[in-house]
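Engineer: Questions regarding the structure given below will be posed in turn.
The values are calculated or read from the model by the stated rules, or taken from the named source; none is laboratory data. Please read these numbers as outputs of a predicted model, since none were measured by experiment. Cβ atoms come from the backbone with ideal geometry, glycine included; neighbour counts cover every protein chain shown.
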Amino acid sequence: MREFDYIILGGGCAGLSLAYELDINDKIKNKKLAIVEIRDEYKRDKTWSFWKVCNHNFEDCIIKSWNNFSINSKLGSYEVLNKDYPYQTIDSELFYNKILNKITQNKNIEFFKNTNQLNLDNSIIFNSITPKEKFKNKLWQHFKGIEIETSKNFFDDNIMNLMDFDCDQRDSVHFFYTLPFAKNKALIETTWFSKMDDKSLTDYDAQLEKYIKETLKINNYKINYQEEGAIPLFYPINRTEKNEINIGSAGGMTRLSTGYTFLNIQDQSKYIVNNIEKIQNIKPYHIGKKYEFLDNIFLNVLKRHPDKMPKIFLNMFKARSKTVIKFLSNKSNIFEDLGIILKMPKWIFIKNIF
Ligand SMILES: Cc1cc2nc3c(=O)[nH]c(=O)nc-3n(C[C@H](O)[C@H](O)[C@H](O)COP(=O)(O)OP(=O)(O)OC[C@H]3O[C@@H](n4cnc5c(N)ncnc54)[C@H](O)[C@@H]3O)c2cc1C
């Protein structure tokens, strides 16, 4: 059996972010790190977007960034001008290549397909693998996105559309999301918040085709790339072994009300590396109890009153743009939290505390 100081289970976003952060901070100079990853090859499989509320290591993997965004619903449209925190999009293939090019030069870092040859007892284990079992009655953000390219220019690439609720809701919460990378190229996603027990919501291709033809009025396009996924809007793992620290989605890095995870993973990696010598004796990194509390109320409202959500989102974005973005990126202070809470329909939220 092989012995390593650190073992990272899962070389995806969180596993590789942590390995990179350890490597660039010289924490693997005199230590050994094993990364256990099942996939055979790394290629573009995700498009990670977020408001840049703090610095991160992957500016050179950004494919596009916007200062402005819009929200649409049957009640009208709203444009948010935002100079402080650009909305950035990362191509996962650029991210994987950047990290792999760096860490594969370090002879103390090795990749494995499984844990068969590893002694797991004496290492510190960072686990990003979520259990496979289906979680019944839990809420997910599930979606499919396609990157389309047109021969003529159709998009205004200065503004991205964060949410378009002016579509079929089917007693659930549904919106389209459009990231225009160029005047003739955009990623368009159909996104649902649901318990995933209604299979009829997953006719994603038909939804996308209808939206592109009828709403965006684009008839001719080619599809360059597609991605599909489901982000758990609950914490999938509670159990932790003595020598195991959960990271990434498995480690509670997903903001439950929005699904945003990428920047939280970067903050968690920095926290672990800054404290690596004492990591087993300090509190695990947490995105904040207050957000957990507020997001649970928000999700209760979402489950019980899906029809009210377009208006709730629209109103939320009518607060100062800086405040909303900080709140959604878990960087807000108490006054900013209050600014957002005051925009919510108070009785509905109070009744949904439990
Ligand atoms: C399509 C998609 C788009 C997303 N877009 C955004 C976004 O725009 N913004 C945002 O903030 N968040 C987004 N997210 C949410 C989140 O950022 C990602 O899910 C992110 O990849 C989570 O990182 P992770 O390391 O926890 O999980 P993953 O990146 O999924 O990494 C887990 C790794 O474990 C490996 N693995 C699984 N089982 C085993 C096993 N048995 N043995 C060995 N290896 C195994 C997998 O192959 C994978 O590489 C998106 C999620 C998806 C699915």
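Engineer: Mind telling me which of the residues Glu37, Glu21 ends up being within 10 Å of the ligand (Cβ to nearest atom) and crowded, with 18+ Cβ neighbours inside 10 Å?
Structural biologist: One residue alone meets the criteria, Glu37.
Engineer: Which of the residues that make up region 286-297 are surrounded by 14 or more Cβ atoms within 10 Å (Cβ to Cβ) and more than 17 Å from Phe50 (Cβ to Cβ)?
Structural biologist: Residues satisfying the conditions are His286, Glu292, Leu294, Asn296, Ile297.
Engineer: Return a yes/no flag: does region 74-81 have any residue that is at pLDDT 95 or above and not aromatic (Phe, Trp, Tyr).
Structural biologist: For region 74-81, residues at pLDDT 95 or above and not aromatic (Phe, Trp, Tyr): absent.
Every residue, every condition in (1) modelled with pLDDT of 90 or more; (2) more than 13 Å from the chain's Cα centre (by Cα); (3) of a type in the set (A, V, I, L, M, F, W, C); (4) within 15 Å of the ligand (Cβ to nearest atom), yes or no:
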residue: Glu214; (1), (2), (3), (4): yes, yes, no, no
residue: Asn220; (1), (2), (3), (4): yes, yes, no, no
residue: Ile223; (1), (2), (3), (4): yes, yes, yes, no
residue: Lys242; (1), (2), (3), (4): no, yes, no, no
residue: Gly248; (1), (2), (3), (4): yes, no, no, yes
residue: Leu256; (1), (2), (3), (4): yes, no, yes, yes
residue: Gly259; (1), (2), (3), (4): yes, no, no, yes
residue: Gln266; (1), (2), (3), (4): yes, no, no, yes
residue: Val273; (1), (2), (3), (4): yes, yes, yes, no
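Engineer: Could you list, in sequence order, all residues of region 214-233 that are part of a loop (DSSP other than H, G, I, E, B) and either touching a helix residue (DSSP H, G or I) at 6+ places or on another chain (Cβ under 8 Å) or not assigned by TED's automatic domain parsing to the domain that holds Tyr204 (or both)?
Structural biologist: Ile218, Asn219, Tyr221, Leu233
Engineer: For region 237-335, list the helices (runs of 4 or more DSSP H) that sit wholly inside it and hold at least 3 residues that are within 23 Å of Lys32 (Cα to Cα); which are they?
Structural biologist: Filter on region 237-335 gives 262-274.
Engineer: Name the one entry in Asn264, Asn300 that is surrounded by fewer than 18 Cβ atoms within 10 Å (Cβ to Cβ) and within 26 Å of Trp192 (Cβ to Cβ).
Structural biologist: Asn300
Engineer: Which one is surrounded by the fewest Cβ atoms within 10 Å (Cβ to Cβ), of the residues in region 54-66 that are in contact with a Lys or Arg (Cβ under 8 Å, 6 or more places away or on another chain) and either farther than 22 Å from Leu263 by Cα or modelled with pLDDT of 95 or more (or both)?
Structural biologist: Filtering region 54-66 for residues that are in contact with a Lys or Arg (Cβ under 8 Å, 6 or more places away or on another chain) and either farther than 22 Å from Leu263 by Cα or modelled with pLDDT of 95 or more (or both), the one surrounded by the fewest Cβ atoms within 10 Å (Cβ to Cβ) comes out as Asp60.
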